[in-house]
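Reviewing the structure listed below.
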Amino acid sequence: MDEIDVPPFFLCPISLELMKDPVTVSTGITYDRESIEKWLFSGKNNTCPATKQALPADCDLTPNHTLRRLIQSWCTMNASHGVERIPTPKPPISKTQIAKLLNDAKSPHLNAKCLQKLRSIASESAANKRCMQAAGAVEFLASIVSSTTVEEASSADALSILYSLQLSGATLKILIGKNGEFIKSLLRVMQRGSYESRAYSILLLKSMMAGADPMQMIKLETEFFVEIVQVLHDQISQQASSAALKLLIQLSPWGRNRIKAVNGGAISVLIGLLLDSSERRACEMMLMAVDILCGCAEGRAELLEHAAGLAIVSKKIMRVSQVATDKAVRILLSVSKFSATPAVVQEMLQLGVVAKLCLMLQIDCENKAKEKAREILKLHDRAWRSSSCIPKNLLSSYPS
């Protein structure tokens, strides 16, 4: 192929490679289907790459059969040079075909078979996923998840297909709805479903909450946070755990959600995970979540009640990353400002927290974290400065 001159109009303007499935957009420019779909739908662009003209939101990709046949003929003519003939592409699914499939799926004995077919169709291309959304597949799949009479396997299949569709923000908002019924359905799945169903539920919830309005987030019940925390505790998968952490971080600042998360057992689970985790990004997110939850008295009380609470937060300082150090020091500052009983002040000293803060002032670390460390040390100057628990080489850096 490298030694053959390929006609320039056989090459995709995006990939600059021989087109396998040429399609034409409304500006008259032809691209390879895979490249233009990636540009439009994965990259979320709304212009023609070649002309920079705006393309409609429901941009049609019209197969250029004439060009495709010319390319196939050219491949055949150059077979002796090692050029393989491109196969005739399978045509994308149509809305009519999807609609028929959805109608057939209403029959209980065809339900499982139709779900398998929908999964297969969704896996073939981004175009098929968009077609499924346009044909009403999202509403159908959501109804299966919401039903209390379908089998667990069917509900799990529907959830996995819904997640695979990579739903648009507008569709996710429709799913949330005004009364949050679908969120309640996902909560029910998380309470009673299999590990797989719970994983897909938390992944869908993360996507949905990214577009939720503040009032919808404020209205969430404690049981919602209980299930998020349980997914974290069970460590179903790395992806599910990451989604659960991101949900906690996103939702906790709103209304009384901090308290709901704490009542759901978040602090205890996060500390347990911090004890076992050394992965940088995971530690950063866990400390971020603990920092947010320590913004309420209940969160700080739970942290102090846990035998390893202060110790593990202190241990992560200067051991993970600058971000982790900053979050850990912020947690200690919250405790020092608002929950520092004489017993807590003494415990911080005995655990080596104070010595660690003094060490921070001697080494090269982020200035904001240093300022917070200095503030903590000044807050309890009388109790700590003259203590024999602080090594002499660190005591010299104690702020005046």
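Considering Glu223, Glu151, which residue is open to solvent by 60 Å² or more (accessible area, probe 1.4 Å), over 23 Å from Leu287 (Cβ atoms) and modelled with pLDDT under 90? Before the answer, list the steps.
Numbers: Glu223 fails: modelled with pLDDT under 90.
Sole residue among the options that is open to solvent by 60 Å² or more (accessible area, probe 1.4 Å), over 23 Å from Leu287 (Cβ atoms) and modelled with pLDDT under 90: Glu151.
Filtering Ala156, Ala240, Ala142 for residues that are surrounded by 15 or more Cβ atoms within 10 Å (Cβ to Cβ), of a type in the set (Gly, Ala, Ser) and within 30 Å of Leu274 (Cβ to Cβ) leaves a single hit, Ala240. As a summary of the residue check, Asp21 satisfies the conditions (1) among the acidic types (Asp, Glu); (2) more than 23 Å from Ser168 (Cα to Cα); (3) open to solvent by 50 Å² or more (accessible area, probe 1.4 Å) except for the one numbered (3). Candidates Arg85, Arg69: the one that is open to solvent by 100 Å² or more (accessible area, probe 1.4 Å) and touching a residue at least 12 places away in the same chain (Cβ under 8 Å) is Arg85.
Does segment 197-211 contain at least one residue that is within 21 Å of Leu273 (Cβ to Cβ), assigned to a helix (DSSP H, G or I) and open to solvent by 40 Å² or more (accessible area, probe 1.4 Å)? Yes.
Does Leu67 meet the test of being touching a Ser or Thr at 6+ places or on another chain (Cβ under 7 Å), within 18 Å of Thr30 (Cα to Cα) and in a helix (DSSP H, G or I)? When the stated conditions are applied, Leu67 passes them. Note on segment 30-50: among residues that are open to solvent by less than 50 Å² (accessible area, probe 1.4 Å) and assigned to a loop (DSSP other than H, G, I, E, B), the one that is farthest from Ser94 (Cα to Cα) is Pro49. For Thr171, the criteria (1) at pLDDT below 90; (2) out of contact with any helix residue (DSSP H, G or I) (no Cβ under 8 Å at 6 or more places or on another chain) hold in every case but one, which is (2). Residue-level check: of (1) crowded, with 17+ Cβ neighbours inside 10 Å; (2) over 20 Å from the mean Cα position of the chain (by Cα); (3) without any contact (Cβ under 8 Å) to a residue 60 or more places away in the chain; (4) more than 24 Å from Glu221 (Cα to Cα), Gly136 misses just (1).
Name the residues in segment 88-116 that are of a type in the set (D, E, K, R) and surrounded by 12 or more Cβ atoms within 10 Å (Cβ to Cβ), would you? Scanning segment 88-116 gives Lys95, Lys100, Asp104, Lys113.
Here Pro92 meets each of (1) farther than 24 Å from Asp5 by Cβ; (2) part of a helix (DSSP H, G or I) with one exception, condition (2).
Among the charged types (D, E, K, R), open to solvent by 50 Å² or more (accessible area, probe 1.4 Å), part of a helix (DSSP H, G or I) and modelled with pLDDT under 85: which single residue out of Arg130, Arg119 fits that description? None of the others qualify; the one that does is Arg130.
Of everything in segment 171-183, what is open to solvent by 60 Å² or more (accessible area, probe 1.4 Å) and more than 20 Å from the chain's Cα centre (by Cα)? Give them in sequence order. Passing the criteria: Lys178, Asn179, Glu181.
When Ala282 is tested against the conditions (1) open to solvent by 30 Å² or more (accessible area, probe 1.4 Å); (2) part of a helix (DSSP H, G or I); (3) over 20 Å from Val335 (Cα atoms), the lone failure is (1). Just give me the residues in segment 254-279 being open to solvent by less than 20 Å² (accessible area, probe 1.4 Å) and not in a loop (DSSP other than H, G, I, E, B), in sequence order. Selection gives Asn257, Ala261, Val262, Ala266, Ile267, Leu270, Ile271, Leu274. Check segment 329-349 and report whether any residue there is of a type in the set (Ser, Thr, Tyr), under 24 Å from Arg300 (Cα atoms) and open to solvent by 40 Å² or more (accessible area, probe 1.4 Å). Yes: one or more hits. Answer yes or no as to whether Ile161 is in contact with a helix residue (DSSP H, G or I) (Cβ under 7 Å, 6 or more places away or on another chain), under 23 Å from Asn111 (Cβ atoms) and either without any contact (Cβ under 8 Å) to a residue 12 or more places away in the chain or open to solvent by less than 10 Å² (accessible area, probe 1.4 Å) (or both). So Ile161 fits the description; yes. Does Thr24 qualify as being without any contact (Cβ under 8 Å) to a residue 40 or more places away in the chain and not acidic (Asp, Glu)? Criteria not met by Thr24.
Flag: Leu55 does not match the condition of being of a type outside the set (Phe, Trp, Tyr), under 30 Å from Glu139 (Cβ atoms), open to solvent by less than 40 Å² (accessible area, probe 1.4 Å) and without any contact (Cβ under 8 Å) to a residue 24 or more places away in the chain.
The values are calculated or read from the model by the stated rules, or taken from the named source; none is laboratory data. All values derive from a computational prediction rather than experimental measurement. Counting neighbours? That spans all protein chains shown, and the Cβs are built from the backbone with ideal geometry, glycine included. Note: areas computed on protein heavy atoms with side chains; ligands, DNA, RNA excluded. Shrake-Rupley method; radii C 1.70, N 1.55, O 1.52, S 1.80 Å.
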